[in-house]
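Below you'll find the structure, written out as structure tokens, and then a few comments.
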């Protein structure tokens, strides 16, 4: 806290003015509404109430100007000493000397237009609602330098409340995120899919390749895991007879943190009975086209300087076709040693052991092929070994009926014709269990209850996982996932980064 502001707080108390009001002060309009509608409807703004932060002050003796920032933006205020003749200390002491930039105030008055043409609120009464005890990093610019700009990314993410106060564009980004989620929800609801909730704490985690976070339940003396996906529970609901279910879920993976990964992230998963991945592919095109139109008013956006067109149909290529197109070789014809050499030639690390042949191939796909897809591209038919929950392809049993949607070089959606054969599913999970025994920490564990559910019979089902954070990155032109999460996970303050081994 700044000592001078604390001193002002004490002076306010001495004047009998509470620095933290508990009385309500509901506004009847916003800065944006005034600026938009006042020119056409002046009579509607004869008596306005606004609340927000004091953003700037320009003192001019018996009259002064200021700027108020509310949730919608900024508007100019005009204060005149004569309006406070009944209590002149409100203007001379409180407004001019004791109010600081960042203080939350409520104002009442009427709207007019200044001689310079700026729409302004003539303040006839004001109230301090909350004193700000820290100076705000409000940007001030000269011809050759910018002062107090709040631009350090880690500081912005750590103090998101200040980031939101200072940068109106950040508020708009998160409004767009909410619009994205709401549009997806409306799209699914309009097709009679049921929104559900499934457990976050799970006795057996599964549905993805990832390391879980582990906790302990004292009441039952048992180990539990934060879910890495909600797939296996949603499939249980399909077994139970629901024709279509979806869930917006917080998932947790105990992995690295970078521009595209946060340990806590949001995705929506959808499962629809009696359909397959070809049907899901069309649904995803329709869904994302509608979302982009809703957010941008056009199917074309710009992400990090590159134009992306979300107009269906999206490009479609099979997994092995994509590898051959980019690498120039038929990887299925290469030996394991040749695959390792190809990985080394590209300067890439080998996957963590134990790994299968398909993991070598997928290393090349993820690091070399995937970044080449900028426009929305469906990559179809992934190998069985890296798709343990997807149905084998009806024409080629070495691959699965699975697609990933890749945009701007990153996967944003993953979908299957779900594996509903409990015998095949058991064999694949046993293979995963063997990899875990050999030290594969990301291999899936055996889930006997899920297998029992499949043994009761699950109809042909199409499943989808869509990453909300990455989709929001694309539709808000955000360079990192931390930009689109209100409070991303960060290293504790004043703790140095871990040193790499020499």
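For this structure, a couple of remarks:
- Residue within the range 107-130 that is surrounded by 13 or more Cβ atoms within 10 Å (Cβ to Cβ) and out of contact with any strand residue (DSSP E or B) (no Cβ under 8 Å at 6 or more places or on another chain) present: no
- One residue from 377, 400 being within 30 Å of residue 287 (Cβ to Cβ) and crowded, with 21+ Cβ neighbours inside 10 Å: 400
- Residue list for the range 218-232, filter: part of a loop (DSSP other than H, G, I, E, B) and surrounded by 10 or more Cβ atoms within 10 Å (Cβ to Cβ): 227, 228, 229, 230
- Exclusive hit being surrounded by fewer than 16 Cβ atoms within 10 Å (Cβ to Cβ), within 18 Å of residue 130 (Cβ to Cβ), outside the structural domain of residue 175 (by TED's automatic domain parsing) and under 31 Å from the mean Cα position of the chain (by Cα), set 71, 23: 71
- Search result, residues across the range 62-81 that are without any contact (Cβ under 8 Å) to a residue 60 or more places away in the chain and either on the phi > 0 side of the Ramachandran plot or not in a strand (DSSP E or B) (or both): 62, 72, 81
- Among the residues of the range 348-361, some residue qualifies, meaning at least one is over 19 Å from residue 287 (Cα atoms), in contact with a strand residue (DSSP E or B) (Cβ under 8 Å, 6 or more places away or on another chain) and either modelled with pLDDT of 95 or more or outside the structural domain of residue 303 (by TED's automatic domain parsing) (or both).
- Checked across the range 199-207, the condition of being exposed (fewer than 13 other Cβ atoms within 10 Å of the Cβ), touching a helix residue (DSSP H, G or I) at 6+ places or on another chain (Cβ under 9 Å), in contact (Cβ under 8 Å) with a residue 24 or more places away in the chain and over 20 Å from residue 436 (Cβ atoms) holds for at least one residue.
- Which listed residue is over 30 Å from residue 12 (Cβ atoms) and without any contact (Cβ under 8 Å) to a residue 12 or more places away in the chain, from 115, 176: 115
- Residue 168 vs. criteria touching a strand residue (DSSP E or B) at 6+ places or on another chain (Cβ under 8 Å), under 26 Å from residue 478 (Cβ atoms) and in contact (Cβ under 8 Å) with a residue 60 or more places away in the chain: yes
- Qualifying residue in the range 372-385 (condition: assigned by TED's automatic domain parsing to the domain that holds residue 211 and at pLDDT below 95): yes
- When the test is whether a residue is over 28 Å from residue 202 (Cα atoms) and outside the structural domain of residue 177 (by TED's automatic domain parsing), residue 323 passes it.
- Matching residues in the range 19-61 - criterion: being closer than 18 Å to residue 96 by Cα, at pLDDT below 95 and assigned to a loop (DSSP other than H, G, I, E, B): 61
- Entirely in the range 247-341, the strands (runs of 3 or more DSSP E) that have 3 or more residues that are surrounded by 15 or more Cβ atoms within 10 Å (Cβ to Cβ): 264-273
- Residue list for the range 449-502, filter: on the phi > 0 side of the Ramachandran plot and either in a strand (DSSP E or B) or at pLDDT below 95 (or both): 494
- So residue 13, is it assigned by TED's automatic domain parsing to the domain that holds residue 102, over 36 Å from the mean Cα position of the chain (by Cα), over 19 Å from residue 117 (Cα atoms) and part of a strand (DSSP E or B): no
The values are calculated or read from the model by the stated rules, or taken from the named source; none is laboratory data. All figures in this text were calculated on a predicted structure; none of them were measured in a lab. When we count neighbours, we look across all protein chains shown, and the Cβ atoms used for this are built from the backbone with ideal geometry, even at glycine.
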